[in-house]
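Undergrad: Pasting a structure here, questions to come.
Just so you know, all these numbers are worked out from the coordinates, no wet-lab data involved. Here the structure is a predicted model, which is why all the values come from computation and not from measurement. Cβ atoms come from the backbone with ideal geometry, glycine included; neighbour counts cover every protein chain shown.
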Amino acid sequence: MSGSPNDPIYIRDGYRCAYQVPGVCSGRADGADHRIHGDRSDRRPSNLISACGSGTTGCHGWKEAHPAAAGAWGWTVSRHGDRDTSRVPAHLDHPVYGQGWYALDDEGGISRLHAAPGGGGLLDSEGREYAWPRWEGQ
Ligand SMILES: [Zn+2]
């Protein structure tokens, strides 16, 4: 297991699939899934999420088959919009921190977000605001 380029992502996500789609998820971290499609060399930690399955199976496959839902959850980020994935929240299920909205940074960190009063967006613990993810096409 050591030496995989996915290790920092698996450590951050607790060594299991972070999507946890009900009735679909095997729980395993089979790979580090790219949020922005089309550039597999983009290995910024904020662009990668531990996922079970492949492009056609498990949560990874579910994500590919449901692009609008995946965009609304922040699992897929358009390659045509703002590509700073550290600023796009993702709805994840983390084994330690639980299910909810998270910001992923490019140092391998993960931060729980909370809804801002009035529903305007999401806030981190330091009060920085994040816009809700929107599906804008791949
Ligand atoms: Zn899964």
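Undergrad: Amide H neighbours of His94 under 5 Å, counting only residues 5+ apart in sequence or on other chains, H built in-plane at 1.01 Å?
TA: For His94, whose amide H was placed from the backbone, the distant partners under 5 Å are Gln99, Gly100.
Undergrad: While we're on this one: Using amide H atoms built in the peptide plane, which far-off residues or other-chain residues are under 5 Å from Ser50 H to H?
TA: Ala18, Asp33
Undergrad: Going 7 Å from the Cα of Ala69 in the Cα-to-Cβ direction, what parts of the range 13-41 have a backbone nitrogen less than 14 Å from that spot?
TA: 19-25
Undergrad: State the cysteines of the chain left without a partner when partners are defined as other cysteines whose beta carbon lies under 4.7 Å away.
TA: By the Cβ distance rule, which asks for a partner under 4.7 Å, the isolated cysteines are Cys25, Cys59.
Undergrad: Another question about this same structure. Return the distance in nm (one decimal) between the two label points of a simple spin-label model at Asp42 and Thr56, each offset 7 Å from Cα along Cα→Cβ.
TA: With each label point 7 Å from Cα toward Cβ, the separation is 2.6 nm.
Undergrad: I would also like to ask the following. Averaged across orientations, what area in nm² does the convex hull of the alpha carbons in the range 55-138 project? Don't skip to the answer; put the middle values down first.
TA: Details: hull surface 24.5 nm².
Over all viewing directions, the range 55-138 projects a mean Cα-hull area of 6.1 nm².
Undergrad: Continuing with this model, one more query. Calculate for the chain the 222 nm mean residue ellipticity that helices alone would give, adding -39,500 (n - 2.57) per DSSP H run of length 4 or more and normalising by residue count, nearest 500 deg cm²/dmol.
TA: -3500 deg cm²/dmol
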